[in-house]
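Step one of this worksheet: look at the structure below.
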Amino acid sequence: MKKCTVFLLTLSISLIAACGIDQSIEENELQDPVIDETVEEEVAEGEIELGNEKEGTRNEENEGEGVPSNEIELADQKELEVNVEGQTEKRIATFNRSGLGYSIYVIEDYTLHSEEPGRDALTFNHDGNFFTRIIPHGEEVDASELKETIKEHAEGETEVMQHVPLDDVEYALVERVQSNGESTTLIHVAKTFEGELFQMTLFLPAKEAQEGVAPSMWAMLETIKP
């Protein structure tokens, strides 16, 4: 009888211990997925952050690639050298793009605007009688023919301009006209910029401002780019 009692007591203890172990295992199994989910979320967030950093680096490295060179604008402003009565002055000029397709740097106190279809006017803001007419002709117009046309239709006598403050011109003619009792000098000049011919006519009334306006016009015209 005593042996039977001891056997039953031992068996009971073993069953209780086994139940405790099983319960502990089940609880651990229930907790493991929660830990795994937390770890997975942290890893996923880390991957997203790394992905964004890599993507941002790639965009910065590729920035500007694939942009045609003719669409890249020049600097907004630059200094132009203007020779006034033997003295060289530096003046700030602002980038302008004409509706006719070319670009030019315009000095303060001057404005570029459309005069009529196919031509622009670069005007002195303080006196609109000072201006330069700009006509782009592309690659098809012959400069010598254009020169002869100007001479035929000139209102005053024309002569060749000996010293032109513009590099590599096709021609330069000086014409003097009278209007409302005021003498005005017209300078007809043509230059090829990057293969495209530009016809330009400077209108310079015989006024004191001519000393500063004329060299400013030349400096701006030199910056033309098709």
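The values are calculated or read from the model by the stated rules, or taken from the named source; none is laboratory data. Everything numeric in this text was worked out from a predicted model, so none of it was measured. As a convention, Cβ positions derive from the backbone with ideal geometry for all residues, glycine included, and neighbour counts pool all protein chains shown. We work out accessible area using only protein heavy atoms, side chains counted, and drop any ligands, DNA or RNA first. Shrake-Rupley method; radii C 1.70, N 1.55, O 1.52, S 1.80 Å.
Distance from the C-alpha centroid of the range 98-119 to that of the range 141-189: 21 Å, rounded to the whole angstrom.
With a cut-off of 12 Å between beta carbons, the residues surrounding Ser144 carry a summed charge of -2, where Lys and Arg count +1 and Asp and Glu -1.
Evaluating 6.51 cos²θ - 1.76 cosθ + 1.60 at θ = phi - 60° for every residue in the range 119-135, the Karplus couplings come out as 8, 10, 10, 9, 10, 7, 4, 8, 7, x, 6, 8, 7, 10, 8, 10, 10 Hz, glycine and proline recorded as x.
In whole Å, what three semi-axes, largest first, describe the equivalent ellipsoid of the range 68-159 built from its Cα gyration tensor (square root of 5 times each eigenvalue)? The partial results should precede the final answer.
Values: eigenvalues 135, 87, 39 Å².
Equivalent-ellipsoid dimensions as semi-axes: 26, 21, 14 Å.
Here r is the Cβ-Cβ distance between Glu182 and Leu100 and R0 is 22 Å; the resulting FRET efficiency, rounded to 0.05, is 0.15.
For the range 186-200, the residues whose backbone nitrogen is under 19 Å from a point 7 Å from the Cα of Ala143, taken along Cα to Cβ, are 187-200. With K and R counted +1 and D and E -1, the other residues having a Cβ less than 12 Å from that of Thr158 yield a net charge of -3.
Principal axis extents of the Cα atoms in the range 148-207, from largest to smallest and rounded to whole angstrom, are 40, 25, 18. On the range 101-226, 42 percent of the accessible area sits on carbon and sulfur atoms, based on a 1.4 Å probe.
With Cβ to Cβ distances under 12 Å as the rule, what net charge do the other residues near Val84 carry (K, R +1; D, E -1)?
Working: positive: Lys90, Arg91; negative: Glu81, Glu85, Glu89, Glu211.
Computed value for this residue: -2.
Residue ranking by accessible heavy-atom surface, 1.4 Å probe, largest first, among Asp127, Asp167, Asp120, Asp76 comes out as Asp76, Asp167, Asp127, Asp120.
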